[in-house]
Each structure stands twice: as C-alpha cells, then as structure tokens.
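Undergrad: Could you have a look at this structure, given as structure tokens, before my questions?
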C-alpha cells in the first residue's frame with residue numbers, strides 16, 4: 001500500500017490527513033484502507049490529540065472511483081466492497097480523537113460521506129456538496145446525510161443529485177463555518193489547536209459522549225454523561241485543570 005495516496009503529518013498534537021489522489025481524490029480501495037489505518041492509529045497515538053481531514057488541490061473528493069466498482073457477478077466481491085466502505089466512515093466516527101473536516105472544494109458521494117463522519121465541519125466558499133449516485137444508476141448516501149438534513153432536503157439530495165453550495169449548508173447550520181479557500185486550512189488548524197490544548201482524557205470522553213447520547217433517551221443520556229463526569233473527576237488532568245484555574249495559569253495536561 002502506498003502511503004502517498006493519503007498523507008499524514010503530525011505536529012503539536014495535531015494530525016493532518018490529506019487526500020492525495022489527483023486529479024479529483026476519488027476514493028478507491030487503497031485510499032479506504034489507508035484512511036482506516038490512519039484513523040485507527042490516531043486513536044492510540046499519544047502525540048495526536050485532534051485530527052484535521054483535508055485534500056490536495058481544489059477538489060476535496062469527487063466520490064468513489066467508478067473505475068473500481070465491484071462486480072456483482074463475482075461471489076462475495078460486492079459485500080467485501082460494501083464492508084470496507086462502511087468501515088471507512090466508522091473509522092472516523094469511532095476514532096477517539098476529534099476529527100475536523102476542512103473541505104477545500106467539491107465533496108460528492110463518498111466525499112460528502114467523509115465530511116459527514118467528522119465531528120466539526122468547515123468548508124471553503126467554493127465548496128459544493130451532493131449525492132450524485134442517482135445519476136449513475138445507483139442509490140445510496142441517506143445513512144450518511146440524514147443526521148445533517150431534515151426529511152425534505154435528504155430526499156431532495158437523494159432524488160435529484162443536486163449540488164449544494166457551502167453557503168447553503170452554513171445557512172442551515174450544518175457546517176461550522178465557511179472561508180476563502182486559502183484561509184480554510186489555517187482556520188481549521190486554529191480550531192484544532194484550541195481542542196488540542198484541552199485535557200486529552202476530557203476530549204476522549206466528550207467525543208464518546210457525543211457519539212452515544214444520540215442513541216439514548218434524554219434520561220439515559222444524562223445518566224451516561226454523569227458517569228463520565230464522575231470518572232473524569234478522579235483524574236490527574238481534572239485536578240490540574242482546577243489548580244490552573246485557581247492559579248490563573250495555563251494547565252499542563254498529561255492525559256491521565
């Protein structure tokens with residue numbers, strides 16, 4: 001597997017993942033495997049506290065590589081393809097570290113799904129988003145975008161393949177912010193630096209909480225979070241945070 005198809009650089013507790021498959025960063029099997037490998041590793045790496053996902057060029061990701069579609073006539077091939085496709089999004093959602101999407105251009109199909117799997121979503125002013133599977137005789141993507149859109153918009157995107165500008169997603173409160181393309185990555189890195197300065201344990205529990213409370217009733221979700229708060233209160237990082245507040249200094253977190 002070539003590591004160049006997705007670049008991964010770490011500095012100051014921030015991991016930057018860059019899709020690097022010109023000209024349109026289409027997702028093929030090698031890219032899926034490499035992304036899963038990177039996000040799984042990020043969970044375990046102590047030198048990574050937050051991850052930024054972006055891409056080279058002016059297109060974030062034009063979707064799945066149509067030249068590498070599985071053949072339904074080959075037993076098992078389609079199911080293997082579908083399994084790794086599911087796990088790609090799961091590797092981002094289940095990564096213990098927060099993932100910020102810095103969408104620097106068009107994000108279609110699988111590219112839109114990559115953004116949807118991230119925790120915080122930022123985009124360039126020229127970015128557009130869509131689920132064009134219907135235009136190639138397929139149907140898919142509702143599971144990836146239904147958390148972001150209401151009923152009508154989810155169905156519009158699925159039925160029409162329309163491309164929606166980043167300004168519309170910002171208007172609807174779906175993405176965090178939009179920026180001129182040259183400012184996007186620097187602003188995403190600023191956000192990442194703010195998160196990286198927090199307690200690593202606190203952030204780990206916070207992401208876990210965000211992922212699971214969506215599946216619970218309000219009563220169960222509140223109790224679930226209270227359990228986390230109790231466990232965190234006993235950590236060295238919590239004591240350091242309280243001491244730093246009282247002493248009016250920057251805390252020195254150790255992740256324990």
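The values are calculated or read from the model by the stated rules, or taken from the named source; none is laboratory data. Fair warning: this is a prediction, and the values are worked out from it, not measured in the lab. When we count neighbours, we look across all protein chains shown, and the Cβ atoms used for this are built from the backbone with ideal geometry, even at glycine.
Undergrad: For the structure I just gave you, tell me whether residue 54 is surrounded by fewer than 24 Cβ atoms within 10 Å (Cβ to Cβ), under 18 Å from the mean Cα position of the chain (by Cα) and in a strand (DSSP E or B).
TA: The answer is yes for residue 54.
Undergrad: Restricting to region 225-256, give me the number of residues that are outside any helix (DSSP H, G or I) and either out of contact with any helix residue (DSSP H, G or I) (no Cβ under 8 Å at 6 or more places or on another chain) or in contact (Cβ under 8 Å) with a residue 60 or more places away in the chain (or both).
TA: Within region 225-256, residues that are outside any helix (DSSP H, G or I) and either out of contact with any helix residue (DSSP H, G or I) (no Cβ under 8 Å at 6 or more places or on another chain) or in contact (Cβ under 8 Å) with a residue 60 or more places away in the chain (or both) number 4.
Undergrad: Every residue in region 106-132 that is buried (at least 20 other Cβ atoms within 10 Å of the Cβ) and assigned to a helix (DSSP H, G or I), please.
TA: Selection gives 110, 111, 112, 113, 114, 115, 116.
Undergrad: If we scan region 46-66, do we find a residue that is within 30 Å of residue 255 (Cα to Cα), out of contact with any strand residue (DSSP E or B) (no Cβ under 8 Å at 6 or more places or on another chain) and in the same structural domain as residue 167 (by TED's automatic domain parsing)?
TA: So far as region 46-66 goes, yes, one or more of its residues are within 30 Å of residue 255 (Cα to Cα), out of contact with any strand residue (DSSP E or B) (no Cβ under 8 Å at 6 or more places or on another chain) and in the same structural domain as residue 167 (by TED's automatic domain parsing).
Undergrad: Spot the failing condition for residue 180; the list is (1) closer than 28 Å to residue 122 by Cα; (2) at pLDDT below 95; (3) surrounded by fewer than 14 Cβ atoms within 10 Å (Cβ to Cβ); (4) more than 19 Å from the chain's Cα centre (by Cα), and only one is missed.
TA: (2)
Undergrad: Surrounded by 15 or more Cβ atoms within 10 Å (Cβ to Cβ) and within 28 Å of residue 177 (Cα to Cα) - does that describe any residue in region 235-247?
TA: Checking region 235-247: not a single residue is surrounded by 15 or more Cβ atoms within 10 Å (Cβ to Cβ) and within 28 Å of residue 177 (Cα to Cα).
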